[in-house]
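Notes for the one structure printed next.
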Amino acid sequence: MALILGGIVVKGYPFNVLLYVIASIFLFIGINGIIRRMLRKSEDINETFSSEEEVLADDRMTDSIEYGTKFSQVRYATESESNQMRINQSVGSKGNEDIQLFGQNVKESSRKEFNKIISQLLSLVKDTQFAYTAALFWVNREKQQLVLESHVTNSEKFIKFRRLPIGLDVVSQIAITGKPKVVNYVDDYGQSDMVPYYNGAELIKTFVGIPIFYDKKDEPIAVLVIDCLEADAYGEETVASLSSVSNLISNILETYTSKYDLLLDSEVLRAIGKIKEELTIDFSINSISKTLAEEVSKLVPWDYISIVLYDDNRKSWVLYYLKNRMNDAYAPLMKDLQTERSIVVEVIQAGIPKIVDDVTKLENPRFYIGEHCDSEGSLMIVPLSSFKKCYGAVVVESKDLKAYTDTDVGLVQKLAVTSAWAMEILGLTELINNHVAFDETTSVLTRKNFIRRLIEEVQRANDFSVDLALVMVSVDRMNEHIEKYGRDAFDLILQELACLIKGSVRTYDVIGRIDFNCFAILLVNTTTNEASLWAEKMRKNIASHVISINSKNLSVTVSLGVAGAKPSISDLELVENANRVLQKAIDAGGNIVRVY
């Protein structure tokens, strides 16, 4: 009886019939069906796995090989970082949310499933071919290594390590030539040179190795090997049968690669959605930078993530935000970058991403000459570009060499583009606000116009020796209100508070909205003591006020900080004093007045 299987004429053997059934089921039912059937067939097979198998399974997750890199390019680690960021004029603080790295999900899905299926398939091959050992090695041409994926063996001398150098042994020759090999009589004395995966001499007599190809490439990506204790145990029919197995492994690999790509795409969409969600709460450069770094850290390996932006005041590029997993020395924040020498500035000017496989070979510094970034490893620089303008770059660095691929660049670019467009919208919004006197939501002065009036009133108080007080008001538990009632409802809350404040001041007092969740009130010709009494009365009025939103009644509380203008005080000092005591009121739990 002859069977035509995958274009190869095979003489009838029981194993060939089994493979023909496997291939047919794979073609007509799909990969999930064949996986379930292989698992059921192997339930009665009890083989001795080498004692280090569990260790190798975990170690396998962090290895990056030439064609298997998609399963291993995400670093799994618990975050221990030193977050630093520039704060211009912010009020209050927001805690970091606990996050679960995307790589942990991948570890439990595609990569783990793939390894389990390969192990079960090797068990099936070993059982039906009466083999002593069955193993699968990836071919890493870049590092000239064979990397063990999985094995099933009866030997206690199977190697305890995963990597073997590509040399003159028979497995390496299959990886180099891409041609199957059958050794019918393995010499006892030359076995260690021919078969590299045993630590000592074994009694194997027959060896078969089959190359595995992927995605129509001319060079094999892996080698499937089996051996036997009997001489001349395998022939051409075995090669044909194992070739069908290699085709099946290629198809499984393609399926799980596609699955991983889909998982990556879904994670990118989730990250973009997260960025947009954060910006609905706090639409600022600080929020854009922090959220971008957080989401990038979930997609690619990293030890340092930095955001470089342009500082209009300094007229130079600066390191604006840093996420440091290692808590060691790195470039300081707000340090000017050297335009002529910095490779980051070069990327920004060219608008083209750059991957550096070994930072020790850089001719120019990352940021500036004399920087304290002494770590070895690799880095990736992706510009923050919108349609017409580049706003900076995100720099991702790892202590591992060659940690980044074009796939990583593509992932980060998608988030960088989203963040760049957010920066462009923010810039246009600020440009419009500079020409608008009153806040659209609350109808009080905008930040810029309030600061202009503040400077005038402080100068007047200093010139004529009159009293002046500044009160800052912030809604307590802002995030809880937004999560519970929504952003639009919170805008209505701010409108109600603005009305209450305007109804409690004189016509010549000044009210402004200086932050998303912060009002500032200048009480003209008012002492610090009088301002604190006014603030306490305001606090009680707000706490007892019922706000109706969408047929629901609710109330909110506020924290207030009061600072009086001392003789010859500057406007900046007055703002800092009021902001400092406001923060103390917030830290004390809110619904309280603090006086400087």
Being among the acidic types (Asp, Glu) and surrounded by 14 or more Cβ atoms within 10 Å (Cβ to Cβ) is the filter here, so list the residues in segment 329-341 that pass it.
336
Filtering segment 197-230 for residues that are touching a residue at least 40 places away in the same chain (Cβ under 8 Å) and in contact with a Cys (Cβ under 8 Å, 6 or more places away or on another chain) leaves a count of 1
Inter-residue pairs, beta-carbon under 7 Å, first surrounded by fewer than 17 Cβ atoms within 10 Å (Cβ to Cβ) and in a loop (DSSP other than H, G, I, E, B) and in segment 351-379, second modelled with pLDDT under 85 and polar (S, T, N, Q), 6+ apart
369/338
Which of the following residues is in the same structural domain as residue 490 (by TED's automatic domain parsing), closer than 17 Å to residue 494 by Cβ, of a type in the set (Ser, Thr, Tyr) and in contact with a helix residue (DSSP H, G or I) (Cβ under 7 Å, 6 or more places away or on another chain): 548, 559?
559
Heads up, the strands (runs of 3 or more DSSP E) in segment 116-196 (entirely inside) with at least 1 residues that are of a type in the set (Phe, Trp, Tyr) and touching a residue at least 40 places away in the same chain (Cβ under 8 Å) are 133-140
Among the residues in segment 201-220, are any in contact with a Phe, Trp or Tyr (Cβ under 7 Å, 6 or more places away or on another chain), under 25 Å from residue 121 (Cβ atoms), β-branched (Val, Ile, Thr) and assigned to a strand (DSSP E or B)?
yes
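Each row is one residue, and each column tells you yes or no for (1) in contact with a Leu (Cβ under 6 Å, 6 or more places away or on another chain); (2) within 25 Å of residue 267 (Cα to Cα).
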{"residue": "370", "(1), (2)": "no, no"}
{"residue": "381", "(1), (2)": "no, yes"}
{"residue": "384", "(1), (2)": "no, yes"}
{"residue": "391", "(1), (2)": "yes, yes"}
{"residue": "394", "(1), (2)": "no, yes"}
{"residue": "402", "(1), (2)": "no, yes"}
{"residue": "408", "(1), (2)": "no, yes"}
{"residue": "420", "(1), (2)": "yes, yes"}
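Matching residues to (1) buried (at least 22 other Cβ atoms within 10 Å of the Cβ); (2) at pLDDT below 95; (3) of a type outside the set (A, V, I, L, M); (4) under 24 Å from residue 279 (Cβ atoms):
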| position | (1), (2), (3), (4) |
| --- | --- |
| 470 | yes, no, no, no |
| 480 | no, yes, yes, yes |
| 484 | no, yes, yes, yes |
| 490 | yes, yes, yes, yes |
| 495 | no, yes, yes, yes |
| 503 | no, yes, yes, no |
| 515 | no, yes, yes, yes |
| 520 | yes, no, no, yes |
| 523 | yes, no, no, no |
Being of a type in the set (Gly, Ala, Ser), in contact (Cβ under 8 Å) with a residue 24 or more places away in the chain and more than 30 Å from residue 348 (Cβ to Cβ): is that true of residue 465 here?
yes
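The values are calculated or read from the model by the stated rules, or taken from the named source; none is laboratory data. Every value quoted in this text rests on a predicted model; they were computed, and no experiment measured them. Because the Cβ atoms are built from the backbone with ideal geometry, glycine has one as well, and the counts that use them run over all protein chains shown.
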